[in-house]
Structures are given as C-alpha cells and as structure tokens.
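Working notes, structure below.
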C-alpha cells in the first residue's frame, strides 16, 4: 500500500545561501528572503567580510542571480562559473542533498516560518561539523587541485 503524504497547496519560498571550502571544511550560510541580485550581493559581502585576509574563489552554477551584471564582487573574491548542466561539480550540492535527506524528508510544514526554523537549526549544526562537511565535499580531485595550485 502506498503511504499518503499531504501536499502543500500554497507555495512560499525562502532561500539558503551557502559557501563552503572543501579544502578546510568551512561552511558559511545565510537565509535570505529571495533569490536576487540584491540578496546575492548581501551574501557576497558577508563572506568577504568574514574572511578579509583570504582570497576567495567562489564556484557558482548558472543561476540568474549568480550571473547578474548588478553583482558587486568584493575585492578579495573572484566568481568562477561552472559549465552548464554540471551540478555534480559543485560540492555545495552535496550539502543541499544532505539537508533535504536528513532535515526535510517526508515532512509537511504549516507555514514558511515552520520551514525556516529547522533550516536554521540544520545549517547551524552543519557549520561547526567540519568532519561531516569534509566527508561530503572534500573530494580527492578538489583537494589535489588546491594542493597543486600552492
């Protein structure tokens, strides 16, 4: 017998932005109200501010807000777009898969606020867990690439 799962009739959205470093398993995230150039600029500025002494290469997919001409790229950062249709090359995709599987599987939420609370909790639990982040994203070819670049 197939189990019944309630379906949402109303669609509301919130957006989790994340930057992670497979090299040292650092994760930084923000939850913002939409996927837009404005929010992406907030995120880029936040990451640049958190790591003012680092030069950051941020790998991005082809989302519109990642390619906007209105992006204000901080001086200590460069954006590196992935080839089209290649999410498997983006380590952060494994973070999203893990969050969906562990924190949002077969759940129905009564409101957007009810979604944001477990999302905040899941991201907050992930950020200090460098071992888990490293296991999900520290692929040998990425680590070797960074080692060989130094």
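The numbers here are math on the coordinates, done by the rules we state, and not lab data. Computed from a predicted structure; not experimentally measured. Positions of Cβ are generated from backbone atoms using ideal geometry, with glycine treated the same way; all protein chains shown enter the neighbour counts.
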Discussion item. Give me the tail of P(r) for the chain as a percent: Cα-Cα pairs with distance above 24 Å.
Written reply: 38 percent
Discussion item. Give me the one-decimal nm value for the distance between modelled label points at residue 100 and residue 135, 7 Å along each residue's Cα-to-Cβ direction.
Written reply: 2.1 nm
Worksheet item: Given springs between every Cα pair under 10 Å in a Gaussian network model of the chain, which of 41, 90, 106 has the largest fluctuation?
Response: 106
Practice prompt. Just grab the label-to-label distance for residue 75 and residue 107, each label 7 Å out from Cα along the Cβ direction, in nm (one decimal).
Written response: 4.2 nm
Worksheet item: Helix 112-126 sits at what angle to the longest principal axis of the chain, using alpha carbons and giving 0 to 90 degrees rounded to 10?
Response: 40 degrees
Response to the item:
Restricted to the chain, the DSSP antiparallel beta bridge percent, nearest 5, is 60 percent
Fill in: GNM result for the chain, Cα springs below 10 Å: residue of 140, 118, 81 fluctuating most strongly
140
Fill in: Range of Cα positions in the range 1-79 per principal axis (Å), largest first
56, 30, 20
Discussion item. Connecting C-alpha atoms closer than 10 Å in a GNM of the chain, tell me which of 80, 99, 119 has the biggest fluctuation.
Written reply: 80
Discussion item. Order 15-21, 82-88, 44-50 from most to least packed using the mean count of other Cβ atoms within 10 Å.
Written reply: 15-21, 44-50, 82-88
Worksheet, complete the sentence: Note: probe point = Cα of residue 68 + 7 Å toward Cβ; backbone nitrogen < 19 Å; residues of the range 1-43 passing the test are 13-19, 29-43
Worksheet entry | Set of the range 24-48 residues, backbone N closer than 17 Å to the point 7 Å along the Cα-Cβ line of residue 145 | 24-26
Item to complete: Using only Cα atoms, tell me the angle between helix 37-50 and the longest principal axis of the chain; keep it within 0 to 90° and round to the nearest 10.
Response: 60 degrees
Worksheet item: To the nearest 500 deg cm²/dmol, what mean residue ellipticity at 222 nm is calculated for the chain from DSSP H runs of n ≥ 4 alone, each contributing -39,500 (n - 2.57), summed and divided by the residues?
Response: -12500 deg cm²/dmol
Worksheet, complete the sentence: Tilt, helix 92-103 to longest principal axis of the chain (alpha-carbon atoms), in degrees rounded to tens, equals 30 degrees
